[in-house]
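Report on the structure given below.
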Amino acid sequence: MKKELLLCLLAVVVSLSVKAQRVYSTKIAQVKFISSAPTEDFDATNNQAESKLSDKGQVMFGLLIKGFVFENDLMQKHFNGDEYMQSDKFPKAEFKGAITNIATVNFAKDGAYPVMVIGDLTIRGISKKQSAAGLIIIEKGKVNTKSTFKIKIKDYGLKGSEIGTAIAENIEINVTAKYE
């Protein structure tokens, strides 16, 4: 009888100490990139990025390259073509990482929480470590995120003839997500 009571008490203690992980997700995160080059400025937006964020700090974004929309159809064609993104050969980009200071975020309390994210960004089949500052905003139980960072496009194998003149060597990326 004592053994059964002890096992029951141990099970209660273990279940109380193990907190279930909460995962927030969306299929309509926005990823926008901005190129400010000596001869031309342009941007493109993808409103169909998928993302998951756990309250333990894991974060993931994934998107189809062809989902980026430009003001100019010709720019979009060149972007997806063989000289630049080769989106038929490399259809997806993704980021998988972790928030290094997730303990500072209180998912139960409204507020804006500065965070640092570190992980692997994969573009054109090439993965590179990236880090970015971001913000997790909790409002009425809803979770939103924002981040802006820059990447060197040559790090991802882009070698188009316009890089450095009409296309910036460093592209600014803005990411926003509203999670369910």
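The values are calculated or read from the model by the stated rules, or taken from the named source; none is laboratory data. Predicted, not measured: the structure shown is a model, and the values here were computed from it. Cβ placement follows ideal geometry from the backbone for every residue including glycine, while neighbour counts extend to all protein chains displayed.
Annotations
- Checked against (1) crowded, with 17+ Cβ neighbours inside 10 Å; (2) modelled with pLDDT under 95; (3) closer than 17 Å to Glu180 by Cα, Tyr84 meets all criteria but (3).
- Among (1) out of contact with any helix residue (DSSP H, G or I) (no Cβ under 8 Å at 6 or more places or on another chain); (2) at pLDDT below 95; (3) of a type outside the set (S, T, N, Q), the one test that Phe107 misses: (2)
- Selection status of Gln30, in contact (Cβ under 8 Å) with a residue 24 or more places away in the chain and within 15 Å of Thr145 (Cβ to Cβ): yes
- The residue pairs whose first member lies in the stretch 65-80 and is closer than 11 Å to Asp43 by Cα and at pLDDT 95 or above, whose second member is among the aromatic types (Phe, Trp, Tyr) and part of a helix (DSSP H, G or I), and whose beta carbons are closer than 8 Å, counting only pairs six or more residues apart or on different chains, are Phe68/Phe79; Phe70/Phe79.
- Among the residues listed as Ala108, Ala98, the single one being part of a loop (DSSP other than H, G, I, E, B) and of a type outside the set (Val, Ile, Thr): Ala108
- Residues of the stretch 139-155 that turn out to be surrounded by fewer than 18 Cβ atoms within 10 Å (Cβ to Cβ), in contact (Cβ under 8 Å) with a residue 12 or more places away in the chain and over 24 Å from Asp43 (Cα atoms), as a count: 3
- A single member of Ala98, Ala132 is surrounded by 12 or more Cβ atoms within 10 Å (Cβ to Cβ), modelled with pLDDT of 95 or more, under 20 Å from Ser35 (Cα atoms) and of a type in the set (A, V, I, L, M, F, W, C), and it is Ala132.
- Residue match in the stretch 124-138 (condition: closer than 19 Å to Ala44 by Cα and touching a Lys or Arg at 6+ places or on another chain (Cβ under 9 Å)): yes
- Among the criteria (1) surrounded by fewer than 16 Cβ atoms within 10 Å (Cβ to Cβ); (2) in contact (Cβ under 8 Å) with a residue 40 or more places away in the chain, the one Ile167 does not fulfil is (1).
- The residues in the stretch 135-163 that are assigned to a strand (DSSP E or B), farther than 22 Å from Ile28 by Cα and at pLDDT 95 or above can be counted, and the count is 2.
- Residue satisfying all of: in the stretch 26-76; under 16 Å from Thr176 (Cα atoms) and among the basic types (Lys, Arg); surrounded by the fewest Cβ atoms within 10 Å (Cβ to Cβ) among these: Lys27
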